[in-house]
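All remarks here apply to the structure that follows.
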2 protein chains.
Amino acid sequence: MRQDDSIGFIINQAGRRLSQLLAIRFAAFDLTTEQWSVLSRLCEQDGTSQKDLAVRVGKDQTNITRILDQLERKKLAERRTNPDDRRSFYAFVTDAGRDLQGRLVPIEQEVLASVTEEITEQQATILKELLIRLTNKTNELLQHYE
Amino acid sequence: MRQDDSIGFIINQAGRRLSQLLAIRFAAFDLTTEQWSVLSRLCEQDGTSQKDLAVRVGKDQTNITRILDQLERKKLAERRTNPDDRRSFYAFVTDAGRDLQGRLVPIEQEVLASVTEEITEQQATILKELLIRLTNKTNELLQHYE
DNA sequence: TCAATATAATTGCTATAGCATTTATATGTG
DNA sequence: CACATATAAATGCTATAGCAATTATATTGA
């Protein structure tokens, strides 16, 4: 099988390109797409522990630590101590963070709309569903190595 | 829209997870999935310039330089000077590289087969086709910023 | 021909992914 | 209670992504 036909290659290629396009649009706001993914999640669900945030965003806890560092440096999010467990922190979005997120939402939507222009809404739904099934299966297989 | 529903999030998540699973299986061979992607491409098409290789693998030329450095260090590939243009190099896979690739192919195929176990072959084809269409459109949009 | 421009590859930089280890704090068991 | 074990977060490490700048060499145009 040629590499171009490998589902692994195709998925990663699609993801990288999409991130690249989004990154160009986000550059003016000095925010990376990964910082954006954490910021959005915080806007949806404020005050979760870093561990919990990692699971929800689907990132390693190490990466969450570092992305939160960046968001905190930019005053878009902040850590607050957990009085019940001094090992853990709760992450919160700041007013500036929520404000920025509000300005980025329409840009993300515009980008996503433009890249899916050549496929129908129904196809987009199918695409998402198939990817989610594949990811679930992959997660299941990954668990065998934990 | 919740982040979980964002096509961008879903694609990137799928790609990362798949790479992670493949990485676990490749670890015993001391090869990363990205090194693998370059090595496979070289096996398909030996003796291309780095610039050309970058386009084919869908990576930045900078990354090709560095991944080739790794492959060369591991004696899996080598650069040869281009007599017609002393700025450029041709990249070649070594015997050891071709040998390793041959041993990894069945592993990659097994992993891809296992992650697509929950979907039909027809669905896998649809999935790939939709992703390719999305990537093509994204590439087209990216060109506007070049 | 020679000077301006373009190009192939490299290098330096920041951010991210993921692993192993460390640190601080909790928890659970004798 | 004391000690072993578990857990949350941080840190150190290597590899990768991508941008900007550099270096060496080609090409182009006056």
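The values are calculated or read from the model by the stated rules, or taken from the named source; none is laboratory data. Given the structure is predicted, the values throughout are model-derived calculations rather than measurements. Here the Cβ positions follow ideal geometry from the backbone for every residue, glycine too, while neighbour counts run over all protein chains shown. Please note that ligands, DNA and RNA were not included when accessible areas were found on the heavy atoms of the full protein model with its side chains. Shrake-Rupley method; radii C 1.70, N 1.55, O 1.52, S 1.80 Å.
Chain A and chain B together bury an accessible surface of about 5500 square angstrom, both sides counted, with a 1.4 Å probe and no ligands or nucleic acids included. Of the solvent-accessible surface of the protein assembly as shown, computed with a 1.4 Å probe and all protein chains present, 47% belongs to carbon and sulfur. Whole-Hz Karplus values for segment A:129-137 come out as 5, 5, 5, 5, 5, 5, 5, 4, 5 Hz, taken residue by residue from phi with 6.51 cos²θ - 1.76 cosθ + 1.60 and θ = phi - 60°; glycine and proline positions read x.
Starting from the label point of B:E44 at 7 Å along Cα→Cβ, the same points in the other copies fall at 3.4 nm, in ascending order. In chain A, the beta-carbon sitting nearest the axis that superposes A on B belongs to the residue given here with its distance in angstrom, A:G15, 2. Summarising the amide proton neighbourhood of B:F89: residues at separation of 5 or more, or on other chains, whose placed amide H is nearer than 5 Å comprise B:Q50. Cα convex hull, segment A:1-47: 82 Å³ per residue, rounded to a whole number. Along segment B:99-113 the Karplus relation, 6.51 cos²θ - 1.76 cosθ + 1.60 evaluated at θ = phi - 60°, assigns HN-Hα couplings of 5, 4, 4, x, 7, 8, 3, x, 5, 4, 5, 5, 5, 5, 5 Hz to successive residues, with x for each Gly and Pro.
Count Lys and Arg as plus one, Asp and Glu as minus one, and take only other residues whose Cβ is under 11 Å from that of B:A124; the net charge is then -3. Inter-copy label distances at A:I126, using a point 7 Å along Cα-to-Cβ, come to 0.4 nm with the shortest given first. Separation of segment B:88-103 and segment A:112-134, taken as the distance between their Cα centroids, equals 37 angstrom.
On a per residue basis, the protein assembly as shown carries 53 Å² of accessible surface, using protein heavy atoms and a 1.4 Å probe. If you model segment A:1-109 as an ellipsoid using its alpha carbon gyration tensor, with each semi-axis the square root of five times an eigenvalue, the axes come out at 29, 19, 10 Å, biggest first. Distances between copies of B:N82, taken at a point 7 Å out from Cα along the Cα→Cβ vector and listed shortest first: 5.5 nm.
Taking each of B:K59/B:K137; A:K137/B:K51; A:K137/B:K74; A:K59/B:K51; A:K51/B:K59 in turn, the alpha-carbon distance tops 28 angstrom for A:K137/B:K51; A:K137/B:K74; A:K59/B:K51; A:K51/B:K59. The mean number of Cβ atoms from other chains found within 10 Å of a Cβ in peptide B:111-124 is 4, as a whole number. Each residue of segment B:24-31 is assigned a 3J(HN,Hα), and the resulting list reads 4, 6, 7, 4, 5, 9, 6, 9 Hz, derived from the Karplus form 6.51 cos²θ - 1.76 cosθ + 1.60 (θ = phi - 60°), x at Gly and Pro.
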